[in-house]
Each structure stands twice: as structure tokens, then as C-alpha cells.
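One structure is given here, and the rest of the page talks about it.
The values are calculated or read from the model by the stated rules, or taken from the named source; none is laboratory data. What you see is a predicted model, and the numbers here were worked out from it, not measured in a lab. Cβ coordinates were reconstructed from backbone atoms using ideal geometry, including for glycine residues, and neighbour counts include every protein chain displayed. Ligands, DNA and RNA are excluded from the accessible area calculation, which covers all protein heavy atoms including side chains. Shrake-Rupley method; radii C 1.70, N 1.55, O 1.52, S 1.80 Å.
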Amino acid sequence: MSVAQPASAAVIPGRYSALWVGTDATADLRLAKAGAARLADLHVVESATEAVAHPPKPFQERSPAVILMASSSPGGWPLGDAVTLSIRWPLAPVVSVAASLVDGRRRSGPAIAGVEEVPWHDLPGRLAAWLSDRDAGRPGVLGLPATARREEGIFEGIRPRAMGLRAAVAAMRPADLDGLADLVAATGASVAARSMGRPPLDDTTEVLLWDVGMIDSSTLAWLRMLVANRPGRCVIVLESFPRAETTRAALDAGAAAVMGRPCGVEALAGTLLFFRSGAS
């Protein structure tokens with residue numbers, strides 16, 4: 001998502017409780033935490049030791065739907081902390097949420113062996129997809145064994161979810177436009193309109209995905225006009241390396257979400273689930 005501000009907190013039919021372990025000392029982690037809190041009841045502790053010694057009341061008798069280990073730098077958590085949490089709640093999947101510094105190591109694999117790592121801007125969208133899978137009785141990506149290869153997680157996340165949505169796509173280059181259209185189709189949504197460069201102001205589709213490359217002042221000005229021209233429309237902005245300040249500026253200008261590019265199917269599908277629930 002991707003960091004999204006959905007119209008409704010009731011994105012998932014069942015309301016789940018999640019455990020956030022760590023601080024939100026950076027602006028990007030605060031945005032990720034706010035997005036997660038719209039999807040699940042979030043209970044916060046500062047360390048794995050505190051979580052086990054003094055678990056929040058909901059988790060004294062049952063497991064969290066997911067454990068989110070937030071870190072402001074890659075490798076911020078030792079493997080032992082993940083093991084400690086897994087021993088205490090063996091049925092709860094453990095996920096590492098990384099701040100902006102993760103962008104430099106996307107291809108090098110997770111910092112903690114066997115623990116899914118999620119960039120901060122992907123957390124709301126992917127969490128929506130995970131909880132949707134859980135509601136549907138599917139294991140999903142988080143149901144895979146810790147020994148599963150990254151490729152298996154990618155294939156598990158590719159599933160049509162955003163059925164019935166019609167989306168417009170816009171990008172600055174033909175290759176990016178084609179890739180974005182294919183990505184939208186993979187989520188189950190249909191591509192109703194395509195445009196090079198800035199998206200037109202008179203398009204009537206309910207969802208717009210706009211690959212801007214980099215958010216700048218001209219992007220924000222056009223975004224404000226897009227939203228003002230069609231209030232309530234879901235505009236999802238894709239940026240190469242989202243940062244908290246540009247993400248906040250885009251959200252303030254009316255974007256529903258800011259996502260990193262390249263974007264995964266699961267993250268985009270979850271972001272569209274945000275919109276579909278909020279719009280219904």
C-alpha cells in the first residue's frame with residue numbers, strides 16, 4: 001500500500017488483534033503503524049522480552065493474528081528475539097517491518113532467517129491481503145513454512161482478489177505502463193483506461209494507479225486537481241523510493257495510498273481491498 005489511509009477501518013470482515021514489537025521512532029514507521037492500526041487492533045510493546053514477560057491482555061490467552069517486529073535499520077532484530085516470540089506464540093506468524101533503509105537491500109533476502117521482511121510502505125496493503133486470506137480460510141503467504149523459498153511466497157501471493165474493480169493506469173514510459181496494466185490485471189481488477197504521462201482529469205474510473213517515478217511539486221499539483229475534479233476517487237501513487245515526507249505530502253494532496261515501485265501483486269491487491277471495503 002503501500003501506505004494507505006482507507007475510508008473505513010472495517011476493511012476485513014473479521015477484526016483481528018496484532019502485536020507491534022518495537023518503537024515507531026521514524027516517520028516512515030509511524031505511517032506504517034497507522035496503516036496497520038486501521039486493519040487490526042494493534043497492541044504495542046517495545047521489545048520481545050517485554051512482550052513475553054508482560055504480554056498485552058488479549059494475548060495472555062490467545063495468539064496475535066500477526067507479530068510485527070518494527071526496525072528502523074536492516075538487521076535491527078537478532079534472530080533470538082524472533083525465536084523468543086515464536087516460542088511464546090507458536091501459531092502467530094512473525095514479520096519484520098523495515099524502515100526506508102530497507103530499499104538498499106531489497107534483493108538480498110530477509111535480515112532474519114525464516115522471517116518475512118516487509119518494507120514500511122508495503123505493510124498496510126500486505127496486511128490487508130494476509131487478513132483477507134485468513135478470513136477466507138487460506139494459509140496465504142504467512143502460512144508457508146519458514147523453510148519456504150522466496151519464490152514460493154511470491155507465487156502464493158499472486159491470486160485474483162480485487163474482482164469487479166475497474167481501474168485506470170498512467171505512467172511516464174511505455175514499458176512502465178504495460179507493466180502496471182499487467183500488475184493490475186493480476187490482482188483481478190480490469191484495466192479500463194491507459195494513459196501516458198499525467199492521467200486525464202475527466203476519466204471516470206473508480207480507481208487510478210499513477211506511476212509517477214518521483215513525487216515532486218508538479219505531481220502534487222496535478223494530484224490535487226485529480227482529486228478535486230472527482231472527489232471520492234481512489235488514486236494510488238507509485239514512487240520509486242517512497243519516503244515519509246513525500247508520502248505524507250501525497251496523502252495530504254488526496255492520494256489514497258503511496259506504494260513503492262516495483263510493486264508486488266499481493267501489496268497492490270491488499271491496497272485495492274482497502275478501497276473496495278471503504279467504498280462499499
Quiz item: Where does helix 174-187 land angle-wise versus the long Cα axis of the chain, in degrees 0 to 90, nearest 10?
Solution: 50
Practice problem: Could you give log10 I(q)/I(0) at q = 0.22 Å⁻¹ for region 164-220, computed by the Debye formula over C-alpha point scatterers of equal weight, without solvent? | Solution: -0.81
Quiz item: For T204 and L91, what does the FRET efficiency come to when R0 = 51 Å and r is the distance between their Cβ atoms, rounded to the nearest 0.05?
Solution: 0.65
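Could you look at the chain and say what percent of its accessible area is carbon and sulfur, using a 1.4 Å probe and all protein chains? The partial results should precede the final answer.
Working: 6610 of 12040 Å².
The value for the chain is 55 percent carbon and sulfur by accessible area.
Quote to one decimal, in nm, the extra length available between A27 and T84 on full extension: 0.36 nm per residue of separation minus the C-alpha distance between them. Show your work: numbers first, answer last.
Values: separation 57, 0.36 × 57 = 20.52 nm, distance 2.75 nm.
Between A27 and T84, full extension yields 17.8 nm more.
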Self-check item: Given charges at Cβ of Lys, Arg, Asp, Glu: the chain dipole, positive-most of G80, G232, A129
Solution: G232
Quiz item: Taking the Cβ-Cβ separation of A136 and S217 as r and a Förster radius of 35 Å, what is the calculated FRET efficiency to the nearest 0.05?
Solution: 0.25
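Of all the C-alpha pairs in the chain, what % are more than 27 Å from each other?
35
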Self-check item: Interchain or long-range residues, amide H under 5 Å from V212's placed H
Solution: L238
Quiz item: What whole-number value in Å² describes the accessible area per residue of the chain for a 1.4 Å probe?
Solution: 43
Exercise. Please report the base-10 log of the normalised intensity I(q)/I(0) for region 206-280, using a Debye sum with one equal scatterer per alpha carbon and no solvent, at each q in 0.11, 0.20, 0.27 (1/Å).
Key: -0.24, -0.82, -1.37
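Nearest-5 percent of antiparallel DSSP beta bridges in the chain? Mind showing how you got there, number by number?
On the way: 2 of 41 bridges.
So the antiparallel bridges in the chain amount to around 5 percent.
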